[in-house]
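The values are calculated or read from the model by the stated rules, or taken from the named source; none is laboratory data. Only a predicted model underlies this, so the values are computations on that prediction, with no experimental measurement involved. Note that each Cβ is placed from the backbone with ideal geometry, even for glycine, and that neighbours are counted across all protein chains shown.
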Amino acid sequence: MSHALDMLQAQAGTPFGRRLKRGLLAHPGLARLGVVILLFGVWELAARFLVDKMFLSPPSSVFSQIHTVFQTPGVIAALRITAWELAVAFAISVAIGLVVGLAVGLHRFSNRSFMPIVLLLYGIPQITILPLFILYFGIGPASKIAFGVSHGIFPIIVTVVAGVQNIKPILLTSAKSMGASRRQIFRWVIFPHMVPSFFAGMRLGMTGVLLGVLLAELYVSTAGIGYFTTLFTQSFNPTKLLGLISVLAIMAMGLNEIVRRAELRYSRWRTD
């Protein structure tokens with residue numbers, strides 16, 4: 001292992017190695033593409049030569065037969081249900097997380113009083129209280145949305161509080177001394193400084209919402225993506241299962257791209 005590392009370090013010191021390093025630094029997308037290709041190559045080889053095909057399908061089979069996932073009766077409707085549950089749960093998480101985060105972060109008393117409670121609730125394994133959500137909200141979409149909110153709200157609260165706490169007190173004092181109203185202070189002082197933390201919390205919250213909704217569907221749903229995930233697993237159909245997981249990954253990347261574009265827009269506004 002040490003010999004291989006020495007060889008890599010020696011190659012990195014050559015003119016070709018230096019050019020390669022500069023090229024990767026100038027085009028980080030190439031490095032990401034190389035990692036993705038490497039992972040798919042390992043997956044392909046493992047599925048064909050190391051793992052039983054009953055448990056793992058190669059990516060070539062998964063992507064060539066992904067259309068069979070959509071041809072399965074009920075999958076299209078399940079995607080609509082899951083997407084709707086995700087959108088509602090994420091919107092509720094952002095709204096509540098932003099309000100609670102600002103209320104806790106802007107006031108020293110509320111921060112000292114309620115932040116430990118928020119962290120305590122955040123640390124509780126949510127899956128252990130899933131039966132309570134089913135008891136209160138039933139087995140319909142309401143329980144999946146509520147369980148998704150329970151996963152997505154806390155990262156947003158914590159990051160909003162962190163963003164507000166990082167604002168320099170002198171900025172708030174200067175704004176107040178110049179006669180700025182509460183709305184103007186929030187618009188021109190608080191919001192610009194909490195943008196990075198807030199959008200980082202939105203990304204974490206989006207991941208949490210996706211996890212919560214899918215977990216609830218896995219356990220109690222007779223519709224939705226979680227139901228078909230269980231169905232394909234129990235029928236030992238890894239090709240459809242991995243195809244469905246790929247669709248979920250695409251959905252997650254789409255949501256992440258929406259949040260990223262919103263972050264870029266408001267970050268530009270911050271620097272104007």
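Look through the stretch 71-93, keep the residues that are under 15 Å from residue 246 (Cβ atoms) and either outside the structural domain of residue 228 (by TED's automatic domain parsing) or polar (S, T, N, Q) (or both), and return whichever of them is surrounded by the fewest Cβ atoms within 10 Å (Cβ to Cβ).
Result: 72.
Among the residues of the stretch 232-258, what is the count of those that are among the polar types (S, T, N, Q) and over 14 Å from residue 55 (Cα atoms)?
2
Do you know which residues across the stretch 171-206 are polar (S, T, N, Q) and surrounded by fewer than 16 Cβ atoms within 10 Å (Cβ to Cβ)? Walk me through how you get there before you give the answer.
Initial filter on the stretch 171-206 (polar (S, T, N, Q)): 173-174, 177, 181, 184, 197.
Passing the criteria: 173, 174, 177, 181, 184.
The conditions are (1) part of a helix (DSSP H, G or I); (2) free of Cβ contacts under 8 Å to residues at least 60 places away in the same chain, and residue 179 fails exactly one of them. Which is it?
(1)
Among the residues of the stretch 250-272, is any free of Cβ contacts under 8 Å to residues at least 60 places away in the same chain, over 17 Å from residue 105 (Cβ atoms), buried (at least 19 other Cβ atoms within 10 Å of the Cβ) and assigned by TED's automatic domain parsing to the domain that holds residue 133?
Looking through the stretch 250-272, none of the residues is free of Cβ contacts under 8 Å to residues at least 60 places away in the same chain, over 17 Å from residue 105 (Cβ atoms), buried (at least 19 other Cβ atoms within 10 Å of the Cβ) and assigned by TED's automatic domain parsing to the domain that holds residue 133.
For residue 32, all conditions in the list (1) part of a loop (DSSP other than H, G, I, E, B); (2) within 23 Å of the chain's Cα centre (by Cα); (3) among the basic types (Lys, Arg) hold save one; what is the number of the exception?
Condition not satisfied by residue 32: (1).
Quick one: is residue 206 assigned by TED's automatic domain parsing to the domain that holds residue 174, touching a residue at least 40 places away in the same chain (Cβ under 8 Å) and hydrophobic (A, V, I, L, M, F, W, C)? Let's see the steps before the verdict.
Values: assigned by TED's automatic domain parsing to the domain that holds residue 174: yes; touching a residue at least 40 places away in the same chain (Cβ under 8 Å): yes; hydrophobic (A, V, I, L, M, F, W, C): yes.
Yes.
Six or more apart or on different chains, Cβ atoms under 7 Å: show the pairs whose first residue is in the stretch 114-140 and in contact (Cβ under 8 Å) with a residue 60 or more places away in the chain and assigned by TED's automatic domain parsing to the domain that holds residue 102 and whose second is β-branched (Val, Ile, Thr) and surrounded by 14 or more Cβ atoms within 10 Å (Cβ to Cβ).
Listed by first residue and then by second, the contacts come to 134/220; 139/220.
Residues that are at pLDDT 75 or above and either surrounded by 10 or more Cβ atoms within 10 Å (Cβ to Cβ) or under 27 Å from the mean Cα position of the chain (by Cα) (or both): does the stretch 7-26 have at least one? Full working, then the answer.
As a first pass, look at the stretch 7-26 and keep what is at pLDDT 75 or above: none.
Checked the stretch 7-26: no residue is at pLDDT 75 or above and either surrounded by 10 or more Cβ atoms within 10 Å (Cβ to Cβ) or under 27 Å from the mean Cα position of the chain (by Cα) (or both).
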